[in-house]
1. Over the chain, what is the mean sequence separation of C-alpha contacts under 8 Å (at least six apart), divided by residue count, expressed as relative contact order in percent?
2. Give me the Kirkwood hydrodynamic radius of the chain, using the inverse of the mean 1/r over all pairs of distinct Cα atoms, in Å to one decimal.
3. So how many Lys-Lys pairs in region 5-123 land under 20 Å Cα to Cα, not counting same-chain pairs under 8 apart?
4. Counting Lys and Arg as +1 and Asp and Glu as -1, each charge on the Cβ, what is the dipole of region 132-224 about the Cα centre in debye, to the nearest 20?
5. Rounded to the nearest 20 debye, what is the charge dipole size of the chain about its Cα centre when +1 sits on each Lys and Arg Cβ and -1 on each Asp and Glu Cβ?
6. Can you give me the Cα centroid spacing of region 62-81 and region 161-185 in angstrom?
7. Divide by every residue of the chain the summed helix terms, -39500 (n - 2.57) for each DSSP H run of at least 4, and state the resulting mean residue ellipticity at 222 nm, rounded to the nearest 500 deg cm²/dmol.
8. Which value in nm describes the separation of the simple spin-label points at K74 and R132, placed 7 Å from the Cα toward the beta carbon?
Amino acid sequence: MSLSSIFIVEDDENIREIVIYALNSAGFEAYGFETGEEFLTAFESGLPSLVLLDIMLPEVDGLTILKRLRTMPKAKKLPVIMLTAKNSEYDKVKGLDLGADDYISKPFGVMELIARINAVLRRSGVAGENKRLEVSNLSLDIARREVQVNGEQVRLTFKEYELLYYLMLNIGIVLNREKLLESVWGYEFEGESRTVDMHIKTLRQKLGTESKLIKTVRNVGYKLGE
């Protein structure tokens, strides 16, 4: 496996496919598994850079798998991020006690997930991210979460940054409003598609001369670049 390979153990196919797509777009090699047994079988053949491990799994739950990993010499320091239910405080504490490096509660936006993955990989000494994305005179520094236009820093809100980040990751690809809501705001976000339009509007205002990079595709959505 490459240095940027990530294993996702998640029994919900929709969530699993969304995460795999987002991680592949972000430059990782993502591999999904529906059950703990499938994951452990693949694990015998290669060591990933990081594991995303859902707690609520059929047959063998995530906490049991984590405990088993920490008994393996090759996996004692393997970065693991637990995926937990929104209000499951016990599972979060138990996971950290068993050696999880971080946890993220469902529902989550994939941009937040990528940021957390990069943070854990940095702490673990694994280079798992590109440092900078650049299009024309627009530059996004991933490590610092900074955006510059013509060398001048642009201050964005948290969601404006994540929206721009996702557009830049998918340069040239038309993304509909539903896909943007799903990826940036979270797969269970219940807001309106106008939320995307409003954030695009303010993002364009802040990008100034480079606002032209964000194209509106009539009756579909948006894309960045030609």
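1. Numbers: 369 pairs, mean separation 35.1, N = 226.
Reported relative contact order: 16 percent.
2. Across the chain, the inverse of the average 1/r is 18.5 Å.
3. 12
4. My answer is approximately 340 debye.
5. 1000 debye
6. With region 62-81 and region 161-185 each reduced to a Cα centre, they are spaced 33 Å.
7. -10500 deg cm²/dmol
8. 3.7 nm
Laboratory data are not the source of any read-out in this text; all were calculated from the coordinates shown. What you are looking at is a predicted structure, and each value in this text was computed from that prediction instead of being measured. Methodologically, a virtual Cβ is constructed for each residue, glycine included, from the backbone with ideal geometry; neighbour enumeration extends over all protein chains shown.
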